[in-house]
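Structure first, then comments.
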Amino acid sequence: MDHKGTKLIHKYLRHDKKFPHVWCPGCGNGIVLGALIRAIDKLGLKKDDVVMVSGIGCSGRMPVYVDFNTLHTTHGRALTFATGIKLVRPHLHVMVVMGDGDATAIGGNHFIHAARRNIDLTAIIVNNQIYGMTGGQHSPTTPYGCKATTAMYGHIEHAFSISELAVTAGASFVARGSVYHAQMLDGMLEKAILKKGFSVVEVMSNCHVQFGRRNQMGDPVTMMKRLKDHAVRIEKAKTMEPGELEGKFTIGILADVDKPVYTEEYEKIREGAKR
Amino acid sequence: MSKKKSANRYFLQGNEAVVEGALTAGCTFFAGYPITPASEISEILSERLPQVGGTFIQMEDEIASMGAIIGASLAGAKSMTATSGPGFSLMQENLGFACIAEVPCVIVNVMRGGPSTGLPTNPAQGDVMQARWGTHGDHPIVVLATSTVQDSFELTIKAFNFAEKYRTPVVLLSDEVVAHTRETVELPPREEIHIIDRIAPSMPPEWYIPFEDNSRGVPPMAAFGDGYRYHVTGLVHDVRGFPTQRPDEIEAFMKRLFRKITQGFNEIQMTKDFMIDDAKVAVIAYGSVARSAKRAVLDARDRGVKAGLLQLVTLFPFPRMKVEEVLRQCRAVLVPELNMGQISREVSRVNQGKCQVRKLNRLDGGLITPEQIMYELLKI
Ligand SMILES: Cc1ncc(C[n+]2csc(CCOP(=O)(O)OP(=O)(O)O)c2C)c(N)n1
Ligand code: SF4
Ligand SMILES: [Mg+2]
């Protein structure tokens, strides 16, 4: 990151927080946080109007470092807390950071229902395909055949596609990016924040410590290169044969639709009920 | 509210009275998931809350409901959920979050027979200890028990007042009988009702230390969006709200959590007594059982037994001072409950051998009748 970028993050870091942070050197979580900060800064959101909510996991530690209204909830439940906040103060920009396990295992039910309700939240899911914080157990996005501390003989379950799940469940905006494609991520997050309705940004990330190491994927840099090599732009994927996409993932915007937003609909109910 | 009888008198169900109490207390947010025998609370609030500019939402389950009311409270609303045993179990993890993060909120548990799906349409008092110890970890909590429709109105207001004053979740235990019984209640005019709101910070944001101790042990609470940007977490935290591993900070925090409730003990411990002054034997009861106990005391007196009733309105923190007085005065006490003895054990615990503590338990889905209680009083 250049000098200018470093300064930018300082504008948003909490100076009274006792650093160092909890993440392993080389972890993708920092890149996601950086992108989120750049998006918020670019959009010129007031710090007082930003609420950052998270679940439990390595990714869940994100809010503690930044100078917004921040809430570190329980494992899988971040979206439910965020729902309460957004309904009471709809003008706040509520961003919800979750891990893959957080959002789609223990929190899977909340995830599909927040999408279905189309409540105006920005969900950011750091998909490192593993339970990072608890020591490398398999998650709903761990690929078939991979090793995890609870899949020592190779994983026999099949992975979710988080973004496709979000589209099907009714999210207004869905994008998938990666920590390698940081600039692209900035743009996706901006769009997601601006979007009225439930928006999801799934970020493919590296956990070299708990996932890469056990699956011979090398150091953080090698894992980043892997993300680069395995990512296929959605537009390009459309021109490819299904077989060619084996083991790859698509990046880009999967859904961007306009439909009634929960808070606005509810306001109409209030207006009607008061009469 | 249509069932108006005269000036301030209404003919209401217990569940309806909870709604009136909540709205009077200033509740503007409710999240819940349908369950018998609590569903009426959701149904009525879904209609009433938008009329007063508030918000009702039916969530995907009780875990989500509990999360949503915590979020709403952090955004500045007085919030509530209502459920029964199975849903209350699902709420327990996030209830612990409300304890540690000191988020005011009210949880109404209309008890039915359990465990599991149990007896969905029968009264029971099996969740007393779940209310006290249902969430994990050491924590203080306030638990109230309603026994009449009038109580349901008044205690819902109390529950909000305690929640706001002490920054704590408050559990209101009702049961199937209280919830569905219709009785005449008196709802006093609003200006006569004491409503407590949480204390907001008066200092500028840069001076705000969100979890700093003070003489009451209850820090002022800023709402998200009010300009006081701070961190809220379920991890044990320092005075600024940031996670800590320092033993001195952990101890100071945990002790304050308990102390704030202990300091309020005199106000929080609520009981009602009936013919207790000269009693030689007493019934200690709560919830719908206290109704039968009142009748039983009168009937026992008719038969020459100097009986009295101590009704526990607050179950936790256990009103031990009031109970101790009765234990000192009486030769025997009877604790009738619709469980195997969850409160009688608390009574025995504070008894220290001074008095005979007898139990009367019923688990067949029926109510404990006045006759059952009177018969036991005559025996002791
Ligand atoms: C109810 C509950 N169950 C289990 C845990 C333990 N736990 C903490 S984080 C975590 C998984 C984290 O994985 P993920 O959500 O993918 O986040 P990451 O650490 O990979 O960012 C688990 C199982 C918990 N905190 N709460
Ligand atoms: S364990 Fe993995 S996800 Fe967690 S901080 Fe380390 S590298 Fe990142
Ligand atoms: Mg993960």
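Calculated translational diffusion coefficient of the protein assembly as shown (25 °C, 0.890 mPa s; Stokes-Einstein with Kirkwood radius over alpha-carbon pairs) equals 93 µm²/s. Divide the volume of the convex hull around the Cα atoms of the stretch B:132-244 by the residue count and you get 149 Å³ per residue.
Ranked by the mean number of other Cβ atoms within 10 Å of their residues, highest first, the peptides B:217-228, A:99-110 come out as A:99-110, B:217-228. Taking every alpha-carbon pair under 8 Å whose residues sit at least 6 apart, the stretch B:271-379 reaches a relative contact order of 32 percent.
In nm, to one decimal, how far is the modelled label at B:ASN8 from the one at B:TRP207, with both set 7 Å along Cα→Cβ? Spacing of the two 7 Å Cα→Cβ label points: 4.0 nm. Take each residue of peptide A:63-76, count the partner chain Cβ atoms within 10 Å of its Cβ, and average: the result is 6. Between the Cα long axis of helix B:370-379 and the first principal axis of chain B there is an angle of about 60°, rounded to the nearest 10.
Counting Cβ atoms of other protein chains within 10 Å of each Cβ in B:216-225 and taking the mean gives 3. Computed about its Cα centre, the charge dipole of chain B is approximately 1220 debye, with only Lys, Arg, Asp and Glu carrying charge at their Cβ.
One Cα centroid belongs to the stretch B:204-240, the other to the stretch B:257-272; the line between them spans 22 Å.
By the Kirkwood approach, averaging reciprocal distances over each pair of separate Cα atoms, the stretch B:271-379 gets a hydrodynamic radius of 13.3 Å.
Normalised by 2.2 N^0.38 Å, where N is the number of residues, the C-alpha radius of gyration of the stretch B:8-192 stands at 0.92.
If R0 is 22 Å, the Cβ-Cβ spacing of B:GLN263 and B:ARG349 corresponds to a FRET efficiency of close to 0.50. Estimated translational diffusion coefficient (Stokes-Einstein, Kirkwood radius over Cα pairs, 25 °C, 0.890 mPa s) of the stretch A:5-81: 188 µm² per second.
Helix A:29-43 axis versus longest C-alpha principal axis of chain A: approximately 30°, rounded to the nearest ten. Each Cα pair under 8 Å and six or more residues apart adds its sequence gap; the mean of these over the residue count of the stretch B:179-304 is a relative contact order of 15 percent.
For chain B, the relative contact order is 15 percent, taking Cα pairs closer than 8 Å that sit 6 or more residues apart in sequence and dividing their mean separation by the residue count. Using alpha carbon centroids, what distance separates the stretch A:235-253 and the stretch A:198-225, in Å? Their Cα centres are 19 Å away from one another. For chain B, the convex hull spanned by the alpha carbon atoms encloses 142 Å³ per residue.
With both labels modelled 7 Å from their Cα along Cα-to-Cβ, the B:VAL239 to B:ARG301 distance reads 5.4 nm. Taking a 30 Å limit on the Cα-Cα distance, which of the listed pairs B:LYS272/B:LYS359; A:LYS196/B:LYS260; A:LYS42/A:LYS225; A:LYS42/A:LYS228; A:LYS42/A:LYS147; B:LYS158/B:LYS306 fall beyond it? Beyond 30 Å between Cα atoms: A:LYS196/B:LYS260; A:LYS42/A:LYS147; B:LYS158/B:LYS306. For the listed peptides B:350-358, B:38-46, A:29-37, a ranking on the average number of other beta carbons within 10 Å per residue, highest first, reads A:29-37, B:38-46, B:350-358.
With the simple spin-label model, which puts each label point 7 Å out from Cα in the Cβ direction, the A:THR222 to B:THR184 separation comes to 8.4 nm. Residue separation of B:TRP133 and B:LYS280 scaled by 0.36 nm, minus their Cα-Cα distance, works out to 49.6 nm of gained length.
Peptide packing for A:149-159, A:239-249, A:68-78, B:148-158 was compared via the average number of neighbouring C-beta atoms within 10 Å per residue; ordered from the highest value, the list is A:68-78, B:148-158, A:149-159, A:239-249. Averaged over B:87-98, how many beta carbons belonging to a partner chain fall within 10 Å of each residue's beta carbon? If you average over the peptide's residues, the count of other-chain Cβ atoms is 1. For the protein assembly as shown, the 222 nm mean residue ellipticity estimated from helices alone, with every DSSP H stretch of n ≥ 4 adding -39500 (n - 2.57) and the total spread over all residues, rounds to -11500 deg cm²/dmol. Rounded to the nearest 20 debye, the dipole magnitude of the stretch B:101-205 is 240 debye, with +1 charges on Lys and Arg beta carbons, -1 on Asp and Glu beta carbons, and the Cα centre as origin.
Our estimate of slack between B:ILE380 and B:GLU251, defined as 0.36 nm per intervening residue step minus the Cα-Cα distance, is 41.8 nm. In straight-distance terms, cross-link reach from B:LYS379 covers every one of the aspartates and glutamates whose alpha-carbon lies under 19 Å from its own, apart from those fewer than eight places away in the same chain; here that gives B:ASP278, B:ASP299, B:ASP302, B:GLU337, B:GLU371.
Each reported figure results from applying straightforward, stated rules to the coordinates on display, with no laboratory input. Keep in mind it's a predicted model, so treat the numbers as computed, not measured. For neighbour counting, all protein chains shown are included, and Cβ atoms are generated from backbone atoms with ideal geometry for every residue, glycine included.
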